[in-house]
Amino acid sequence: MRKAWIVASVAISSALAFVMLLVVGVYLVAGNLVNGVGGGAKSLAKGSVPAAYAALVQKWGNLCPAISPALLAAQLYQESGFNPRAQSHAAAQGIAQFIPGTWASHGIDGDGDGDRDVWDPKDAIPSAASYDCELASYVKKVGGNPTENMLAAYNAGAYAVIKYGGVPPYNETRNYVKRITTLSESFAAPAGRVDPSEQAAAAIEYAQKKLGTPYLWGGTGTAEQGGRFDCSGLTQAAYETVGIKLPRVANDQYNAGPHPSRDELLPGDLVFFSDDLTNSRAIRHVGIYVGGGYMIDAPRTGAVIRFDPIDTPDYFGATRVTEDGAKALPTTV
């Protein structure tokens, strides 16, 4: 038994040394890679839209040049979190959050079944795309970026965009345009190599200091909780130390940046796991990648924060956290 423990200790020490080399490498790579998410991406990132709606978003997101599947997905996520039964205090309804007056004038029969149902994604998603493209047509003669002008018209009205010759100088509108365009990068399949995060090494360092800490469901590391975490509480706390505020739950953390492929993973990437590999809303676990096929995570009740392999059947994908990506996320979905 003692011999096994000695062997295990040597293995862990070697793994830690390897991890630290990888962490240092994050900064070296950060200085050398310059290609981010490619522009004009038309396909959706794997599983970023629930499978029930992915084909609709892909089809209708190409309705006009001002929108894309990723942009349409970002709007739906911002509005409802892909919840077809969502209803706001302002009476906005359905997956696209149309208010009754706007639906009456702009809702379409997307599935051709003879009715226009705001609660049916097969009508609401095509209607959202159609409305976007209609707004884009209203402001098509305005100079500047047509997508940004369309989003500004969605938020402030087409008249304001025409009046100011582009995105109007309203903080709410400018923030909305930036939020949706940034968030759309989380829903687009990257067309090129994804830039590494310069904050990654510090996030890993924080998580390493928590190795051996007992898991606590709902734990965010507060003194009242004895400094314990659950999986997303750990990743949230790790990135908060470098000034990036992530959402509380794992399936929203997935949308905090673009998604590198498995062979492009770098230390500091968040890695996600799900029993439904077609739907990011079903993600149930997250960890921080440290290299060599391993992550630091808070796995479950009865376990401690530890190193675990990522190459398991429930591996869903990864997110390279960005400050702008995290800021773009809605506070509630």
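The set of residues in the stretch 197-222 that are under 20 Å from Pro247 (Cβ atoms) and among the small types (Gly, Ala, Ser) comprises Ser197, Ala200, Ala202, Ala203, Ala207, Gly218, Gly219, Gly221. In the set (1) out of contact with any His (no Cβ under 6 Å at 6 or more places or on another chain); (2) at pLDDT 95 or above, the condition left unmet by Gly317 is number (1). Residues that are among the hydrophobic types (A, V, I, L, M, F, W, C), within 27 Å of Ser274 (Cα to Cα), in contact (Cβ under 8 Å) with a residue 24 or more places away in the chain and open to solvent by less than 20 Å² (accessible area, probe 1.4 Å) within the stretch 51-108 comprise Val57, Ala70, Leu71, Leu72, Ala73, Ala74, Leu76, Phe82, Ile95, Ala96, listed in sequence order.
Yes or no, residue by residue, for (1) in the same structural domain as Phe229 (by the TED database); (2) among the hydrophobic types (A, V, I, L, M, F, W, C); (3) outside any strand (DSSP E or B):
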{"residue": "Lys245", "(1), (2), (3)": "yes, no, yes"}
{"residue": "Ala256", "(1), (2), (3)": "yes, yes, yes"}
{"residue": "Arg281", "(1), (2), (3)": "yes, no, yes"}
{"residue": "Ile288", "(1), (2), (3)": "yes, yes, no"}
{"residue": "Met295", "(1), (2), (3)": "yes, yes, no"}
{"residue": "Asp308", "(1), (2), (3)": "yes, no, no"}
{"residue": "Thr312", "(1), (2), (3)": "yes, no, yes"}
{"residue": "Ala318", "(1), (2), (3)": "yes, yes, no"}
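Selection of the stretch 258-279 for residues being part of a loop (DSSP other than H, G, I, E, B), among the acidic types (Asp, Glu) and surrounded by fewer than 24 Cβ atoms within 10 Å (Cβ to Cβ) yields Asp275, Asp276. Here is the figure for the stretch 137-155: residues that are more than 17 Å from Gly101 (Cβ to Cβ) and either open to solvent by 20 Å² or more (accessible area, probe 1.4 Å) or not assigned by the TED database to the domain that holds Ala91 (or both) total 11. If you go through the stretch 267-283 and keep only what is among the charged types (D, E, K, R) and out of contact with any helix residue (DSSP H, G or I) (no Cβ under 7 Å at 6 or more places or on another chain), you end up with just Asp269. The sole residue among Gly192, Gly166 that is at pLDDT below 95, outside the structural domain of Glu323 (by the TED database) and in a loop (DSSP other than H, G, I, E, B) is Gly192. Any idea which residue in the stretch 105-129 is nearest to Ala55 (Cα to Cα), counting only those that are assigned to a helix (DSSP H, G or I) and in contact with an Asp or Glu (Cβ under 6 Å, 6 or more places away or on another chain)? This residue is Lys122. If only residues of the stretch 206-217 that are under 23 Å from the mean Cα position of the chain (by Cα) and under 10 Å from Leu234 (Cα atoms) are counted, the one that is most open to solvent (accessible area, probe 1.4 Å) is Tyr206.
The values are calculated or read from the model by the stated rules, or taken from the named source; none is laboratory data. Small disclaimer: the values here were computed from a predicted structure and weren't measured. Glycine also receives a Cβ, built like all others from the backbone with ideal geometry; neighbour counts cover every protein chain displayed. Heavy atoms of the whole protein, side chains included, go into the accessibility calculation; ligands, DNA and RNA do not. Shrake-Rupley method; radii C 1.70, N 1.55, O 1.52, S 1.80 Å.
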